[in-house]
Amino acid sequence: MRNQLFFGAAFAALVMPAVASAQSTGSMEFDDGDIVVKARTEKGIAGIETPDTSKAKGVLNQEFISRQTPGNSILNTINSLPGVSFQNNDPFGSAGGTLNIRGFDSSRIALTFDGIPLNDSGNYAIFSNQQLDPELIENVNVNYGSTDVDTPTAAATGSTVNYRTRNPSEQLGARFLASVGDFNYYRFFGMIDTGNITSFGTRLFVAASRTENNWYLNDFGKIFKQQYNAKLYQPIGDNGDFVSISGNYNQNRNNFGGSAPLRSDNNIFSQSTAAPNSIGNPALVTGAARTPGTNSNGNRFPNGFNELPYTVPRCTLTAARPGLTDTPFAPAAPLAGLRHQL
């Protein structure tokens, strides 16, 4: 086999000169000159950029942001970067969530919006459901590690997240998006660009969005969110200087309707004072089973999607009686012989 391999290589060497002699006149012109090969290193792909800086950073631009779920928090979008972990409380982005970057929680992460700090001034908390509509974000920059000394924050021992809004377009235009989904979810987003309204390049955009859906765990919770934004932009000179004024108004009305207990078993035990059971020896209640929900002590957490939504009890008041003071509704007395339920 080894002899055959060397023979084949020698045969190819003999054939190649014959093939080269058949080149066209145009291709032969390159034989006496230099061939220059150029290459370029890509620092990003599909909207994910890796800046060439001394500190570890990750950047997502509008190309990537626009492909995510409409209306979701920008903090859920940066979940695609290494070292970032964001746990959304619901699929739609209006119920909040928890952010961690390289093991640091949100109280140790600086969040800025066009350089304006967004952390709570008391406990440095981040309110992920109150962030800017993703359609208005030009890019988001995650700076890993401790912050720079000029960053406007007092809590960034873990990381800095800064997102920058888009500038108004130089051309007149409008954009409208609508989304629908499960749990009566709907979202509308609209934006208008005025284009250049003066000879100096002054331009403006205004945008508004409205989102509403049912809480996905039960039949009572509702989530409502509306947001209004505007930005006036004035370029100064040709070197990139500018002056801008932005406005943001966000309103959230969230009613989750209570949380189900974390236990998942179906057994109900009681502590009876009657023999042969004592207070320290709970007994299984025959025929009783827990149901998903928050209605009573006999509830448990849903074991699957087919058990959603669970029922949440409504507030009940005694019917109004003229001339008498209303009193809270009195619940029914516990079953005879049962003193306590675990």
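The values are calculated or read from the model by the stated rules, or taken from the named source; none is laboratory data. Note that the coordinates shown come from a computational prediction; the quantities given were computed from them, not determined experimentally. Using ideal geometry, Cβ is built from the backbone for each residue, glycine included, and neighbour counts are taken over all protein chains shown. When the accessible area is computed, the model is the full protein with side chains, heavy atoms only, and any ligands, DNA or RNA have been set aside. Shrake-Rupley method; radii C 1.70, N 1.55, O 1.52, S 1.80 Å.
Say whether the condition of being among the charged types (D, E, K, R), open to solvent by 70 Å² or more (accessible area, probe 1.4 Å) and modelled with pLDDT under 60 is met by at least one residue in segment 322-341.
The answer is yes, given that some residue of segment 322-341 is among the charged types (D, E, K, R), open to solvent by 70 Å² or more (accessible area, probe 1.4 Å) and modelled with pLDDT under 60.
In segment 97-108, what residues are of a type in the set (A, V, I, L, M, F, W, C) and either over 20 Å from I137 (Cα atoms) or open to solvent by 30 Å² or more (accessible area, probe 1.4 Å) (or both)?
Residues satisfying the conditions are I101, F104.
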Residue count for segment 289-303, restricted to those that are modelled with pLDDT of 75 or more and either assigned to a loop (DSSP other than H, G, I, E, B) or open to solvent by 50 Å² or more (accessible area, probe 1.4 Å) (or both): 7
Candidates P70, P91 - the one that is of a type outside the set (S, T, Y), over 26 Å from F242 (Cβ atoms) and in contact with a Lys or Arg (Cβ under 8 Å, 6 or more places away or on another chain): P70
Sort out for me the strands (runs of 3 or more DSSP E) sitting completely within segment 133-186 that have 2 or more residues that are loosely packed, with under 14 Cβ neighbours inside 10 Å. 173-181
Within segment 191-230, take every residue that is β-branched (V, I, T) and closer than 21 Å to L177 by Cβ and give me the one that is most open to solvent (accessible area, probe 1.4 Å). I192
Restricting attention to segment 245-260, report how many residues are touching a residue at least 24 places away in the same chain (Cβ under 8 Å) and loosely packed, with under 14 Cβ neighbours inside 10 Å. 4
Report the residue count in segment 48-71 for those that are in a loop (DSSP other than H, G, I, E, B) and surrounded by 21 or more Cβ atoms within 10 Å (Cβ to Cβ). 1
Of the residues in segment 73-84, how many are buried (at least 19 other Cβ atoms within 10 Å of the Cβ) and polar (S, T, N, Q)? 3
Single residue of segment 85-96 satisfying the filter (open to solvent by less than 40 Å² (accessible area, probe 1.4 Å) and either assigned to a loop (DSSP other than H, G, I, E, B) or at positive phi (or both)) that is modelled with the lowest pLDDT: G93
Within segment 72-84, is even one residue assigned to a loop (DSSP other than H, G, I, E, B) and touching a helix residue (DSSP H, G or I) at 6+ places or on another chain (Cβ under 8 Å)? yes
Which one of these does G221 not meet: (1) farther than 24 Å from E63 by Cα; (2) free of Cβ contacts under 8 Å to residues at least 40 places away in the same chain? (2)
